[in-house]
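The next block holds one structure in the form of structure tokens; read it before the comments.
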Amino acid sequence: MISGKIKPSKDLVERLYAAVRGIGDQAESTREVIAGVLGLHRTDLAGVDFLYAKQGACTAGELSKATGLSSGATTTLIDRLEKAGFVAREDDPKDRRRQMVRLSDRASKRCEAIYEPIRKDLFRLWSSYTADELELVEGFITRGIKLHAESLERLGSVSKTSQAGVRKPVSR
């Protein structure tokens, strides 16, 4: 119990768990639908989505980190997106050894047409809450994301540890 506050019921915690999982499921469905509308593979959409969120431009390294792809796979992603007219490569004005990946105007307009109505609907909903309520929700989500990332990191460590202990068959 937290400083005189009532502890939530098990039912409430389970409903919250289901609701949060529902957000994840809805996000997956959203990605699938938007990828289909844009005629992209989901991995390609991840790149386009990241670029759109970054106001249309980033380095290949930033794109690689955001998508979790290797540098070679990121180059292939950029090649596909360039061929489809979604991005263009440009010299980085701050460092001529690097190139920037820029979302095309056409792709940016298509993303805007898809994302803006969703954003407006969500902002309308969120604006119906008080600032204190939104601070609580934002803290809840932010802390939950951090805890989830730590759990996945531990899962990756456990997986690597268990794989290290597996003996490989000896060739004869």
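Only the coordinates and a few stated rules stand behind these numbers; no lab work does. The model shown is predicted, which means the values in this text are computed figures rather than measured ones. Every residue, glycine as well, gets a Cβ built from its backbone with ideal geometry; the counts of neighbours run over all protein chains shown.
Sorted by average packing, counted as other Cβ atoms within 10 angstrom per residue and highest first, what order do 97-107, 30-40 take?
Numbers: 97-107: 16.4, 30-40: 14.6.
Ranking, from highest mean packing down: 97-107, 30-40.
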Computed from the beta carbon distance with a Förster radius of 25 Å, FRET efficiency for R89 and V37 to the nearest 0.05 stands at 0.50
Reduced to Cα centres, the span from segment 84-117 to segment 139-155 in Å works out to 30
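Subtract the Cα-Cα distance of D105 and E82 from 0.36 nm times their separation in residues, and report this length gain in nm to one decimal. Could you put the intermediate results ahead of the total?
Values: separation 23, 0.36 × 23 = 8.28 nm, distance 1.26 nm.
Separation in residues times 0.36 nm, less the Cα-Cα distance, equals 7.0 nm.
Hey, can you rank 66-75, 112-121, 5-14, 44-53 by average C-beta count inside 10 Å, highest first? If you can, show how the numbers build up before the last one.
On the way: 66-75: 13.9, 112-121: 11.5, 5-14: 9.1, 44-53: 20.3.
Sorting 66-75, 112-121, 5-14, 44-53 by mean packing, highest first, produces 44-53, 66-75, 112-121, 5-14.
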Each label sits 7 Å from Cα toward the beta-carbon; between V13 and K54 the label points are separated, in nm, by 4.0
Within the under-13-Å Cβ sphere about V20, not counting V20, Lys/Arg +1 and Asp/Glu -1 give a net charge of +1
In nm, the gap between the two label points placed 7 Å beyond Cα toward Cβ at L152 and K65 is 1.6
Placing each pseudo-label 7 Å from Cα in the direction of the beta carbon, Y115 and A131 end up separated by a distance in nanometres of 2.7
With Cα springs under 10 Å, the Gaussian network model of the chain assigns the largest mean-square fluctuation among S128, S64, S29 to S128
Working note, the chain: Cα radius of gyration (Å, one decimal) and Dmax (Å, whole number) are 21.3, 70
